[in-house]
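See below for the structure under consideration.
Rule-based calculations on the coordinates, nothing more; no lab input. All figures in this text were calculated on a predicted structure; none of them were measured in a lab. Quick reminder, even Gly has a Cβ in these numbers, built from the backbone with ideal geometry, and neighbours come from all protein chains shown.
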């Protein structure tokens with residue numbers, strides 16, 4: 001499996017069966033993303049919430065690639081009115097796509113759709129757990145603050161192998177809280193996101209990595225540059 005960070009909270013995940021999953025595709029207006037929209041050809045798009053730095057280019061990419069967009073019910077209704085194929089769901093719900101299970105979980109953030117002239121209600125912010133056929137699971141937390149269910153539900157029940165957590169502060173968790181979240185989620189790998197895109201969220205990711213090391217040295221922190229790939233091999237992370 002390959003994971004490519006596209007800057008901010010945007011990721012491309014390529015499964016061993018060559019299923020391309022695109023998450024929060026903020027691409028063309030993302031100053032930290034060097035990848036042109038035209039390069040992306042996802043099979044499915046996940047949107048965690050309605051803000052323009054996450055919904056981003058999802059509509060254009062969906063139209064050009066015929067890729068469905070999975071999002072919370074209210075966003076899926078908005079997108080359907082634009083002629084987009086959607087998979088609407090809500091917190092706790094799951095669906096199967098190309099033998100991969102997608103589960104929508106909680107996040108603590110706002111979600112109104114702010115990329116239109118008059119703001120449109122966007123339900124609530126969400127996160128996604130992606131579970132592959134071999135049992136490997138990835139948790140993309142979306143934009144969120146720290147909350148207890150990261151430990152008691154997502155960590156203890158779903159047990160993700162890889163997590164992506166925001167460290168930018170101001171609009172989400174900062175490095176310290178994100179490291180606590182990583183400790184609670186207890187993955188094999190944690191990847192920081194949602195930082196250094198704009199001046200208000202400038203962070204040094206090594207600060208986050210140092211906190212993670214203090215809290216649980218068994219967790220590997222993977223710091224990526226935009227457009228950089230991380231290849232995950234479960235055999236390298238056996239207990």
Practice task
Kindly provide the Kirkwood hydrodynamic radius of region 2-225 in Å, to one decimal, from all pairs of distinct alpha carbon atoms.
Solution key: 17.2
Handout entry: Cα-based helix-to-principal-axis angle, 205-215 vs the chain, degrees rounded to 10
Key = 50
Practice task
Please label the shape of region 22-153 as rounded, prolate or oblate, based on the square roots a ≥ b ≥ c of the eigenvalues of the alpha-carbon gyration tensor (a/c under 1.5 means rounded; beyond that, a/b larger than b/c means prolate, else oblate).
Solution key: rounded
Handout entry: Cβ crowding within 10 Å averaged over residues, with 102-115, 72-85 ranked highest first
Key = 102-115, 72-85
Handout entry: Two-site label geometry, residue 229 and residue 159: point separation in nm, points 7 Å out along Cα→Cβ
Key = 3.0
Fill in the blank from the handout: Mean Cβ-within-10 Å packing, highest first, puts peptides 9-21, 146-158 in the order 9-21, 146-158
Completion exercise
per DSSP, antiparallel bridges as share of beta bridges in the chain, % nearest 5, sits at 60
Completion exercise
Honestly region 48-91 on the Cα gyration tensor test (a ≥ b ≥ c root eigenvalues; a/c under 1.5 rounded, otherwise a/b vs b/c for prolate or oblate) is just oblate
Exercise for the section: Can you tell me how much longer the chain between residue 90 and residue 120 gets when fully stretched, taken as 0.36 nm per residue apart minus their C-alpha distance, in nm with one decimal? Expected result: 9.0 nm
Fill in the blank from the handout: With Cα coordinates, the longest principal axis of the chain makes an angle with the long axis of helix 175-185, in degrees rounded to 10, of 80
Practice task
Beta carbons within 10 angstrom, averaged per residue: use that to sort the peptides 162-170, 130-138, highest first.
Solution key: 162-170, 130-138
Practice task
Kindly identify region 1-74 as rounded, prolate or oblate by the Cα gyration tensor criterion: order the square roots of the eigenvalues as a ≥ b ≥ c, call it rounded if a/c is under 1.5, otherwise compare a/b with b/c, prolate if a/b is larger, else oblate.
Solution key: rounded
Completion exercise
Summing -39500 (n - 2.57) over every DSSP H run of at least 4 residues in the chain and dividing by its residue count gives a helix-only mean residue ellipticity at 222 nm, to the nearest 500 deg cm²/dmol, of -5000 deg cm²/dmol
Completion exercise
Expressed as a whole-number percentage, the relative contact order of the chain with C-alpha contacts under 8 angstrom and at least six residues apart is 17
Exercise for the section: For residue 198 and residue 214, compute 0.36 nm times the residue count separating them, minus their Cα-Cα distance, and round to one decimal in nm. Expected result: 3.0 nm
